[in-house]
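Peer 1: Below is one structure. I have some questions about it.
None of the figures in this text is laboratory data; all of them are computed from the coordinates on show. Keep in mind that this is a model prediction, so the values were computed, not measured. We place every Cβ from the backbone using ideal geometry, glycine too, and count neighbours over all the protein chains shown.
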Amino acid sequence: MHAEAGNLIIGGGAPVSVQTMFDSSLHGLDPASVVERISELHALGCDIIRFSFIDGEDARPFSYIAAHSVIPVVADIHFDYKMALLAIECGADKIRINPGNIGAKWKTEEVVRAAEANGCAIRIGLNSGSLPKGREGLSVPEIMKESALEYLDWFSSWGFDNVVVSLKSSDTAETIEAARRLRSVTDVPQHIGVTEAGSPVISAVRSTWALGTVLSEGIGETIRVSMTGDMEDEVIAGVEILRTLGLRKKGVRIVSCPRCGRHAFDTISFERRIRRRLLSLDKDITVAIMGCLVNGPGEAKGADFAVTGMKDRIYLYKKGVLLKEVSAEDAEEALFEAITNE
Ligand code: SF4
């Protein structure tokens, strides 16, 4: 099975996609600047982006964004099925709903029929924090799985199969178990994520464990690393999980040393400064950022490009061969120039 959100295929053997969620309301924002930000996120590896669609005021900016975004856009709906209908009318490529909080079944049916008529995908998104009533006594993963199956039955009785399911918990064990249970009974595409996963380092650890576990079992067709942090970092973390598992080959791989008492080059601030710019390049390369000449030249041999330092002199290597010696303040531009002229 697969779903289609705009031009993005989710499932059915398509590459696992990375998504994030826009971190503020669209009210009062310049939609053109949002579209620009989406392009930057896309350059980092983001494949699809979700927006909270709260009320009628979102319609105008959302329509603009849906029409101009380089990647498919998703509307996140809670409680009010009319907002789902409006988001579909505004050109959403996908909507995320929890049929359990939409209210009556007929309201969900109206949404599904409108999605079908407009080529819009639907994610059935269930969270452990808002479980439907009526299945008390079962474990949280079982309640989520059973509820999802019930909603999938509804959808299928209405002839709709452009669907993705997410069963999220802030508990990694529940997230893993729910994904496994659902996959044991259906190959509906799954959106995997640990919800409310915490600040960047904590979220990256939890998400790597949960997402890495299920992805390595072949479960998970699209992922989100949810973070109390920047969208850019969510995307970087998601892409890195896929790269580490060998599920995404393209892109820049950064190798950087942790720095120690021997360092003659401040790798921490250099890496922090250039990270997003580097990861936004459309190149398949490894770049090493090393703090001294102990491991620098050695690591440079295994990298396409490497920088290492000695006092205020920075050495730039290309495939292990010294290319240039520059001052610390010229190091960033020298590195990007060398990569661009590759
Ligand atoms: S490369 Fe040099 S500065 Fe970096 S951790 Fe190794 S010894 Fe320390």
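Peer 1: For segment 192-202, take each phi angle, set θ = phi - 60°, evaluate the Karplus expression 6.51 cos²θ - 1.76 cosθ + 1.60, and give the result in whole Hz per residue in order, putting x for glycine and proline.
Peer 2: Result, rounded to whole Hz: 10, x, 8, 7, 6, 7, x, 5, x, 5, 5.
Peer 1: How big is the dipole moment of segment 253-340 about its Cα centre under a simple scheme where the beta carbon of each Lys and Arg is +1, that of each Asp and Glu is -1, and everything else is neutral? Debye, nearest 20, please.
Peer 2: Result for segment 253-340 is approximately 280 debye, rounded to the nearest 20.
Peer 1: Say the dipole of the chain comes from +1 at the beta carbon of Lys and Arg and -1 at that of Asp and Glu; which of Tyr317, Phe155, Thr175 then lies farthest toward its positive end?
Peer 2: Tyr317
Peer 1: To continue, here is another question. Evaluate segment 253-340: find the radius of gyration of its Cα atoms, find its Kirkwood radius, and give the ratio Rg to Rh.
Peer 2: Taking Rg over the Kirkwood Rh, I get 0.91.
Peer 1: What spacing in nm lies between the two simple spin-label points modelled at Glu40 and Asn341, each 7 Å away from Cα in the Cβ direction?
Peer 2: 2.8
Peer 1: What is the set of long-range amide H partners of Ala5 at a cut-off below 5 Å, with H atoms built 1.01 Å from backbone N?
Peer 2: Ile10
Peer 1: Once phi is turned into ³J(HN,Hα) by the Karplus curve 6.51 cos²θ - 1.76 cosθ + 1.60 with θ = phi - 60°, what whole-Hz value does each residue of segment 258-264 show in order, with x for glycine and proline?
Peer 2: x, 6, 8, x, 8, 4, 10
Peer 1: Please report, in debye to the nearest 20, how large the charge dipole of the chain is about its Cα centre when each Lys and Arg carries +1 at its beta carbon and each Asp and Glu carries -1 there.
Peer 2: In debye, rounded to 20, the chain gives about 880.
Peer 1: Residue by residue through segment 153-164, what is 3J(HN,Hα) from phi via Karplus (6.51 cos²θ - 1.76 cosθ + 1.60, θ = phi - 60°)? Round to whole Hz and write x for glycine and proline.
Peer 2: Here the 3J(HN,Hα) series is 4, 4, 4, 5, 5, 9, x, 10, 10, 7, 9, 10 Hz.
Peer 1: What does the extension gain come out to for Ser33 and Ser199, with contour length at 0.36 nm per residue minus their alpha carbon separation?
Peer 2: Length difference between fully extended and current span is 57.2 nm.
Peer 1: Near the amide H of Lys168, under 5 Å away, which other amide H atoms are found, from residues 5 or more places off or on another chain, if H is placed in the peptide plane?
Peer 2: Here the answer is Leu126, Asn127, Ser128, since their amide H atoms fall under 5 Å of that of Lys168.
Peer 1: Exposure proxy check: Cys46, Cys292, Cys260 ranked by fewest other beta carbons within 10 Å?
Peer 2: On the way: Cys46 25, Cys292 19, Cys260 10.
Lowest to highest Cβ neighbour count: Cys260, Cys292, Cys46.
Peer 1: Less than 17 Å apart at the alpha-carbon level, and either on another chain or at least 8 residues along: which lysines does that give for Lys311?
Peer 2: Of all the lysines, those that pass the test against Lys311 - Cα under 17 Å, at least 8 places apart if same chain - are Lys324.
Peer 1: Using the Kirkwood radius built from alpha carbon pairs, what does the Stokes-Einstein equation give as D for the chain at 25 °C and 0.890 mPa s, in µm² per second?
Peer 2: Details: Rh = 21.5 Å.
The Stokes-Einstein estimate is 114 µm²/s.
Peer 1: Right, something else. Between Leu247 and Arg60, what FRET efficiency comes out of the Förster formula 1/(1 + (r/R0)^6) with R0 = 25 Å and r the beta carbon distance, rounded to 0.05? Kindly include the intermediate steps, with their values, before the conclusion.
Peer 2: Details: r = 37 Å, r/R0 = 1.50.
Computed FRET efficiency for Arg60 and Leu247 comes out at 0.10.
Peer 1: What is the list of residues in segment 299-342 whose amide nitrogen lies under 14 Å from a point 7 angstrom out from the Cα of Asp266, following Cα to Cβ?
Peer 2: Only 311-313, 328-332 fall inside the zone, counting backbone N under 14 Å.
Peer 1: How big is the antiparallel share of DSSP beta bridges in the chain, given as a percent to the nearest 5?
Peer 2: Here the share of antiparallel DSSP bridges comes out near 30 percent.
Peer 1: OK, next. Taking the chain as the reference, fit the longest principal axis to its C-alpha atoms, fit the long axis of helix 105-118 to the helix C-alpha atoms, and give the angle between the two in degrees, 0 to 90, nearest 10.
Peer 2: So the helix axis and the longest Cα principal axis differ by about 60 degrees.
Peer 1: Summarise the long-distance tail of P(r) for segment 190-342 by giving the % of C-alpha pairs beyond 18 Å.
Peer 2: Of all Cα-Cα pairs in segment 190-342, 60 percent lie more than 18 Å apart.
Peer 1: I would also like to ask the following. At 7 Å along Cα-to-Cβ for each site, give me the label-to-label distance between Arg113 and Leu293 in nm.
Peer 2: So the label points at Arg113 and Leu293 sit 7.7 nm apart.
Peer 1: Anything over 19 Å Cα to Cα? Flag those among Lys283/Lys318; Lys105/Lys133; Lys82/Lys105; Lys145/Lys168; Lys107/Lys168, in the order listed.
Peer 2: In this structure, Lys107/Lys168 lie more than 19 Å apart at Cα.
Peer 1: Here's another thing I want to ask about it. Rank Val74, His42, Tyr64 by how far each Cα sits towards the positive end of the charge dipole of segment 28-114 (+1 on Lys, Arg Cβ; -1 on Asp, Glu Cβ) and give me just the farthest.
Peer 2: Toward the positive end, the furthest listed residue is Val74.
Peer 1: Can you give the longest stretch of the chain with no exposed loop site, where a site means chymotrypsin sites (Phe, Trp or Tyr not before Pro) in a DSSP loop (not H, G, I, E or B) with at most 16 other C-beta atoms within 10 Å? Please list the in-between numbers first.
Peer 2: Values: sites that count: Phe79, Trp158.
Looking at the chain, 159-342 is the longest stretch - no exposed chymotrypsin sites (Phe, Trp or Tyr not before Pro) with at most 16 other Cβ atoms within 10 Å.
Peer 1: Here's something else I'd like to know. Given points 7 Å out from each Cα along the Cα-Cβ axis, report the Ser216 to Asp80 separation in nanometres with one decimal.
Peer 2: The two pseudo-label positions are separated by 4.5 nm.
Peer 1: Regarding segment 1-115, what are the three Cα extents along the principal axes, ordered largest first, in Å?
Peer 2: Projected onto the principal axes, the Cα atoms of segment 1-115 cover 41, 40, 20 Å.
Peer 1: Now for a separate question. At most 12 other Cβ atoms within 10 Å and a DSSP loop assignment: could you name the GluC sites (Glu not before Pro) in segment 38-146 that fit?
Peer 2: On the way: sites: Glu40, Glu57, Glu89, Glu109, Glu110, Glu116, Glu136, Glu142, Glu146; in loops: Glu136.
Here the sparse-neighbourhood loop sites are Glu136.
Peer 1: Turning to a different aspect of this structure: Would you kindly state how much longer the chain becomes between Asp23 and Arg180 on full extension, computed as 0.36 nm times their sequence separation minus their alpha carbon distance, in nm to one decimal?
Peer 2: 53.6 nm
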